[in-house]
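Structure first, commentary second.
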Amino acid sequence: MKECIIITGASSGMGREMAKKFSSSYPVILNGRDLERLEETRQQCQNPQNQLIWQYDLENVEDVEQTLATFLTGHQVRVAYFVHCAGYMKTYPLKMVSASLFQQTFNINVISGALIIKTLMNRKLNGDTLKSVVLISSNISNFGAKAFGVYGASKGAMDALMRSLAVELAPKVRLNSVLPGGVRTTMTEHMYQDEELVKRMAATYPLGLGEANDIYEVVNFLLSDKARWITGQQCTVDGGRTINITG
Ligand SMILES: NC(=O)c1ccc[n+]([C@@H]2O[C@H](COP(=O)([O-])OP(=O)(O)OC[C@H]3O[C@@H](n4cnc5c(N)ncnc54)[C@H](OP(=O)(O)O)[C@@H]3O)[C@@H](O)[C@H]2O)c1
């Protein structure tokens, strides 16, 4: 049976970049909701015919385990690596947040990822194949910003989940998270439309602005055996943005 990598959020941004790069090493299972953009990603991968599309809305956490199990069985594949890159970010001040916003954000950012890991640990379905998981968190996980309460809470929960599962699933499976700083993608495009804002933003990054490939390089290292003694860690990849206290 083929050993694959699952990448959620593969229809756009960092997830697409990772899918393209990882496709030269493993068959990739591409997850997202938008079939057209998933197909575009597949065409940009090495050997498109080897890459599988798992179109699924991760907000639907009730069915994620069964749907993924059926998908893996149907395609006769096992999964060695998982990158949870799908993300939902709405920035609202407290007076505008609602229970449903919390629920939607946590379903996509946290709960679906946890249930995918649970499914991949099912021995009947995936044997002992799962080796390493990276959750794409955010540097907001350890800091604060106006209107970032819901999204920040979800990324903080993601990192707490990652640490406990790293202990529970050791030594078979390693789990780490990557905390990117601002990267230009569909999620953040609106910010990059404003030239003045981009200048101000760039000035706060000691290493300048980053790109999706900067995130891929670290994820690739964490998934690989080179990181065999690293688990349960938050790895900030933000060009020094969060250690910069220059006034
Ligand atoms: N860009 C940044 O500056 C930045 C900074 C820190 C952290 N992050 C994190 O990095 C990750 C990737 O974000 P990005 O910047 O690459 O954003 P992006 O280009 O907007 O991509 C987001 C991805 O998430 C998927 N997604 C969203 N809702 C989904 C759902 N309900 N079910 C399945 N897939 C869903 C989207 O797929 P569909 O559109 O096909 O549904 C898309 O592929 C996210 O977790 C984000 O929180 C981003």
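We did not get these values from a lab; they are worked out from the coordinates using the rules stated. None of these values were measured; they are calculated from a predicted model. With ideal geometry, Cβ positions are generated from the backbone for all residues, glycine too; neighbour counts draw on all protein chains shown.
So here's what we get for this one:
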| read-out | value |
| --- | --- |
| For region 39-86 versus region 173-211, the gap between their alpha-carbon centres in whole angstrom | 27 |
| Unsatisfied cross-links (Cα-Cα over 29 Å) in the set LYS95/LYS155; LYS199/LYS226; LYS20/LYS131 | LYS199/LYS226 |
| Dipole of region 171-247, positive end: most advanced residue of LEU207, GLY232, THR246 [Cβ charges, Cα centre] | GLY232 |
| D (Stokes-Einstein, µm²/s), Kirkwood Cα radius, region 106-247, 1.306 mPa s at 10 °C | 97 |
| Kirkwood Rh in Å, taken over all unlike Cα pairs in region 12-91 | 13.3 |
| For region 93-187, alpha-carbon Rg relative to the globular expectation (2.2 N^0.38 Å, N residues) | 1.20 |
| Helical segments meeting 27 Å axial Cα length and Kyte-Doolittle 0.5 threshold in the chain (DSSP H) | 149-169 |
| Residue exposure sequence - CYS4, CYS85 - by fewest surrounding Cβ within 10 Å | CYS4, CYS85 |
| Compactness index (Cα Rg / 2.2 N^0.38 Å), region 47-141 | 1.23 |
| Residue order, fewest to most surrounding Cβ atoms within 10 angstrom, among LEU68, LEU197 | LEU197, LEU68 |
| Exposure proxy ranking, count of Cβ atoms within 10 Å, fewest first, for ARG42, ARG123, ARG16 | ARG123, ARG42, ARG16 |
| Kirkwood-type radius of the chain, with distances r between different C-alpha atoms, in Å | 18.4 |
| Taking all pairs of distinct alpha-carbon atoms in region 134-175, Kirkwood radius in angstrom | 11.0 |
| HN-Hα J in Hz across region 174-189 - Karplus 6.51, -1.76, 1.60, θ = phi - 60°, x for Gly and Pro | 9, 10, 9, 10, 10, 10, x, x, x, 10, 6, 9, 4, 4, 10, 3 |
